[in-house]
Amino acid sequence: MAIARDLATLRREVAALRRRAGSVALVPTMGALHPGHLSLIALARQAAGAVVASIFVNPLQFGPAEDLSRYPRDEAGDLAALRDAGCDLAWLPTPEAMYPPGSATTVEVAGLSDPWEGVQRPGHFRGVATVCAKLFLQTGADVAVFGEKDWQQLAVIRRMVRDLDLPIRILPGPTVREADGLAMSSRNRFLSPAERAAAALLPATLQELAAGLRSGAPAAPRIGAAEARLRQGGLLPDYLALIEGETLQPLEAAPGDGSARLLVAARLGTVRLLDNLAV
Ligand code: AMP
């Protein structure tokens, strides 16, 4: 596996991969890799001849009061995991390589960036869209793989690609979960053992709520009850909503055609847990 830390090396290595393998898939990550990330590498390998993974903890998507400095970093472990997973090239830009002094251009996906995570983290999706646009243009990848775990992010990126005619296909990968249903996340390591045990209530509540809403029952009372259950279990929901999967608009009931999604973020100690499920 090749490693690039500056743009000139990246472009040279990607050109060589493209000559050798024909097509290139990109998996953008912030590192601290877990099996969820590696499932995206596996998907990428099926989708293209060569795989590039980026590891970049993007300062632009963290708010001033957020966890940028304590975000987990494990470069050696990540590189070993990528190598084992069959990744061809790791792109590890420094913040200065990604945002040279004087950088002034950002990408804003209006509307989709505003609700849900956008309320909790103003400017977050501007940072996400900007870095993803840059990663797409830097690598020239044919396809980029994103986890359904971050549902709103996936919706924002799809819209950006459509709106800007970016020549890349977005391929979603299903959420990889722990045995008790908790969605894998780099931030789960910050849960104490007691919090980790309590966290299983989140996927269990989502599952139960999805089952109850599948028949088209009114969402509001059931969502209220589910939020109360989360609070009783020590989880503080920032939002729990039934939404249309593409527009992210709230729904009063599920239409029953699989287009609805439950979207949740809840705080447990210092950790925010994000999850979502098809209804
Ligand atoms: P992150 O490193 O958290 O920015 O995530 C990088 C990519 O991995 C994003 O596309 C995420 O949606 C995806 N991802 C994170 N956790 C999971 C998971 N448990 N299952 C599948 N994909 C995931």
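The values are calculated or read from the model by the stated rules, or taken from the named source; none is laboratory data. Treat the numbers as computed from the prediction; the structure is a model and nothing was measured. Because the Cβ atoms are built from the backbone with ideal geometry, glycine has one as well, and the counts that use them run over all protein chains shown. Just so you know, the surface numbers come from the protein's heavy atoms only, side chains and all, with ligands and any DNA or RNA stripped out. Shrake-Rupley method; radii C 1.70, N 1.55, O 1.52, S 1.80 Å.
A few notes on this one:
- Efficiency of FRET between D114 and A253 - r from beta-carbon atoms, R0 25 angstrom, step 0.05: 0.60
- Compared with the direct C-alpha span, the chain from A200 to M1 gains 68.0 nm at full extension, assuming 0.36 nm per residue.
- Rolling a 1.4 Å probe over the protein heavy atoms leaves F56 with an accessible area of roughly 10 Å².
- Between Q232 and A278, the modelled label-to-label distance comes to 3.1 nm, taking each label 7 Å out from Cα in the direction of the beta carbon.
- Antiparallel content of DSSP bridges confined to the chain, in %, to 5: 50
- With 0.36 nm allotted per residue and the present C-alpha distance subtracted, the E96-R73 stretch has 6.5 nm of extension available.
- Rolling a 1.4 Å probe over the protein heavy atoms leaves E117 with an accessible area of roughly 10 Å².
- Across all directions, the average projected area of the convex hull around the alpha carbons of the chain is 14.6 nm².
- On Cα atoms only, tilt of 151-163 relative to the major axis of the chain in degrees: 50
- Euclidean distance between Cα centres, segment 265-279 to segment 88-151, Å: 21
- By accessible area with a 1.4 Å probe, ligands and nucleic acids excluded, highest first: order of S215, S39, S186: S215, S39, S186
- Using a probe of 1.4 angstrom and keeping all protein chains present, the accessible surface of segment 34-163 works out to 42 square angstrom per residue.
- 3J(HN,Hα) along segment 14-26: 5, 4, 5, 4, 5, 4, 7, 10, x, 10, 10, 10, 10 Hz, from the Karplus curve 6.51 cos²θ - 1.76 cosθ + 1.60 with θ = phi - 60°, whole Hz, x for Gly and Pro.
- Overall, the accessible surface of segment 4-81 at a probe of 1.4 angstrom is composed of carbon and sulfur to the extent of 55 percent.
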